1. Please verify whether Ala166 is farther than 13 Å from Leu44 by Cα, under 15 Å from the mean Cα position of the chain (by Cα) and within 16 Å of ligand 1 (Cβ to nearest atom), treating the condition exactly as stated.
2. Using the structure shown, decide if Leu122 is at pLDDT below 95 and not in a helix (DSSP H, G or I).
3. Would you call Gly68 in contact with a strand residue (DSSP E or B) (Cβ under 6 Å, 6 or more places away or on another chain), more than 24 Å from Ala196 (Cβ to Cβ) and either at pLDDT 90 or above or open to solvent by less than 50 Å² (accessible area, probe 1.4 Å) (or both)?
4. Please work out if Leu58 is under 21 Å from the mean Cα position of the chain (by Cα), in a helix (DSSP H, G or I), farther than 18 Å from Ile228 by Cβ and within 16 Å of ligand 2 (Cβ to nearest atom).
5. Quick check on this structure: which one of Leu105, Leu131, Leu122, Leu101 is aliphatic (A, V, I, L, M), free of Cβ contacts under 8 Å to residues at least 12 places away in the same chain and open to solvent by 10 Å² or more (accessible area, probe 1.4 Å)?
6. Checking Ile92 against (1) in contact with a Lys or Arg (Cβ under 9 Å, 6 or more places away or on another chain); (2) under 21 Å from Val220 (Cα atoms); (3) within 16 Å of ligand 1 (Cβ to nearest atom), only one condition comes out false. Which one?
7. State which residue is nearest to Asn210 (Cα to Cα) when the search covers only the range 26-55 and only residues that are in a strand (DSSP E or B) and within 12 Å of ligand 1 (Cβ to nearest atom).
8. Within the set of pairs 6+ apart or on separate chains, which have a first residue in the range 201-216 that is within 12 Å of ligand 1 (Cβ to nearest atom), a second that is among the aromatic types (Phe, Trp, Tyr) and open to solvent by less than 10 Å² (accessible area, probe 1.4 Å), and C-beta atoms under 7 Å apart?
Amino acid sequence: MLAQASMPAIEIHGLSHWYGEGALKKQVLFDIDLSVARGEVVFLMGPSGCGKTTILTLLGALRSVQKGEVRVDGVELFGAGEKQVVACRRKIGFIFQNHNLHRSLTALENVRMGLEAQGKRLAVDADARCLAMLAIVGLADHAHKRQDKLSGGQRQRVAIARALIADPKIVLADEPTAALDSTTGYEVIALIRRLARERGMSVLMVTHDNRILSLADRIVEMEDGQLISAQTPASHIGRSPAPADNSLNTGEVTIS
Ligand SMILES: Nc1ncnc2c1ncn2[C@@H]1O[C@H](COP(=O)(O)OP(=O)(O)OP(=O)(O)O)[C@@H](O)[C@H]1O
Ligand SMILES: [Mg+2]
């Protein structure tokens, strides 16, 4: 199906989810409605165990949708077959802790896998592109180090570079700044936001990081498997936006 420009990148309606079987079956998501527009950066916040990662894994077609509608760039995931699942995953850059990062590969090789996963033939300048992306996340000097020789923060930056290298339409990120110092964390998310603006890339990011909240267009809060509010960063933070880059604060705010 061709994606229409006006269609949200992410559309969720009436999404519920259960883990376990029989007597152990437990509902963890309750009738969630959420949409993310093209180019929009949405932060998903809430206490541990409220269901944030579950939403991301359903959107990423990493687990099956049990009830509700979940559309990713027009691909419906409820009842989706292998073809739709693969199509969906190719539209997404994942920034999950240690998701598919290979310990025995170098940083450069891991980032290159982000291109290979798209199923396209690698262009001749693929390595140059990967090196440029590693430089953007501050790893120019570590490109040829094996993943298991890097620090936690450096590994996380490799994951970010790998997620962004193939120019995904959608980025799903689970606490991407958790292992980063505050300056690097802010810079990396500012970069993701700039790419969202420039390329119409949509971002749904789980975070507990108060230092980066000003970079969101919208903050959605969850509790006990339900969405409880959506607000602009300023009202959430209750103070003026954090430093740097007013030029980035040009996006429209949409509350749905
Ligand atoms: N694979 C699983 N099997 C059974 N229960 C699970 C599974 N994954 C998560 N849960 C449960 O589902 C609920 C939601 O978990 P989820 O990981 O989505 O929370 P979260 O908001 O991401 O939490 P955190 O901030 O700690 O990462 C929790 O009660 C959790 O214990
Ligand atoms: Mg989680």
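1. Values: farther than 13 Å from Leu44 by Cα: yes; under 15 Å from the mean Cα position of the chain (by Cα): yes; within 16 Å of ligand 1 (Cβ to nearest atom): no.
Here the answer is no, as Ala166 does not meet what is asked.
2. Numbers: at pLDDT below 95: yes; not in a helix (DSSP H, G or I): yes.
In short, yes.
3. Working: in contact with a strand residue (DSSP E or B) (Cβ under 6 Å, 6 or more places away or on another chain): yes; more than 24 Å from Ala196 (Cβ to Cβ): yes; either at pLDDT 90 or above or open to solvent by less than 50 Å² (accessible area, probe 1.4 Å) (or both): yes.
For Gly68, the condition - in contact with a strand residue (DSSP E or B) (Cβ under 6 Å, 6 or more places away or on another chain), more than 24 Å from Ala196 (Cβ to Cβ) and either at pLDDT 90 or above or open to solvent by less than 50 Å² (accessible area, probe 1.4 Å) (or both) - is met.
4. Numbers: under 21 Å from the mean Cα position of the chain (by Cα): yes; in a helix (DSSP H, G or I): yes; farther than 18 Å from Ile228 by Cβ: yes; within 16 Å of ligand 2 (Cβ to nearest atom): yes.
When the stated conditions are applied, Leu58 passes them.
5. Details: Leu105 fails: free of Cβ contacts under 8 Å to residues at least 12 places away in the same chain; Leu131 fails: free of Cβ contacts under 8 Å to residues at least 12 places away in the same chain; Leu101 fails: free of Cβ contacts under 8 Å to residues at least 12 places away in the same chain.
Testing whether each residue is aliphatic (A, V, I, L, M), free of Cβ contacts under 8 Å to residues at least 12 places away in the same chain and open to solvent by 10 Å² or more (accessible area, probe 1.4 Å) leaves just Leu122.
6. Result: Ile92 fails condition (3) only.
7. Taking the range 26-55 and keeping what is in a strand (DSSP E or B), we get 26-36, 41-45.
This time we only want the ones that are within 12 Å of ligand 1 (Cβ to nearest atom), so: 26-30, 32, 44-45.
Values: Lys26: 31, Gln27: 29, Val28: 25, Leu29: 25, Phe30: 26, Ile32: 24, Leu44: 12, Met45: 10 Å.
So, considering only residues that are in a strand (DSSP E or B) and within 12 Å of ligand 1 (Cβ to nearest atom), the one nearest to Asn210 (Cα to Cα) is Met45.
8. Pairs that qualify, where the first residue is within 12 Å of ligand 1 (Cβ to nearest atom) and the partner is among the aromatic types (Phe, Trp, Tyr) and open to solvent by less than 10 Å² (accessible area, probe 1.4 Å), are Thr207/Phe43.
The values are calculated or read from the model by the stated rules, or taken from the named source; none is laboratory data. Just so you know, these numbers come straight off a predicted model, no measurement behind them. FYI the Cβ positions are ideal-geometry reconstructions off the backbone, even for glycines, and counts take in every protein chain you see. Only protein heavy atoms, including side chains, enter the accessible area calculation; ligands, DNA and RNA are left aside. Shrake-Rupley method; radii C 1.70, N 1.55, O 1.52, S 1.80 Å.
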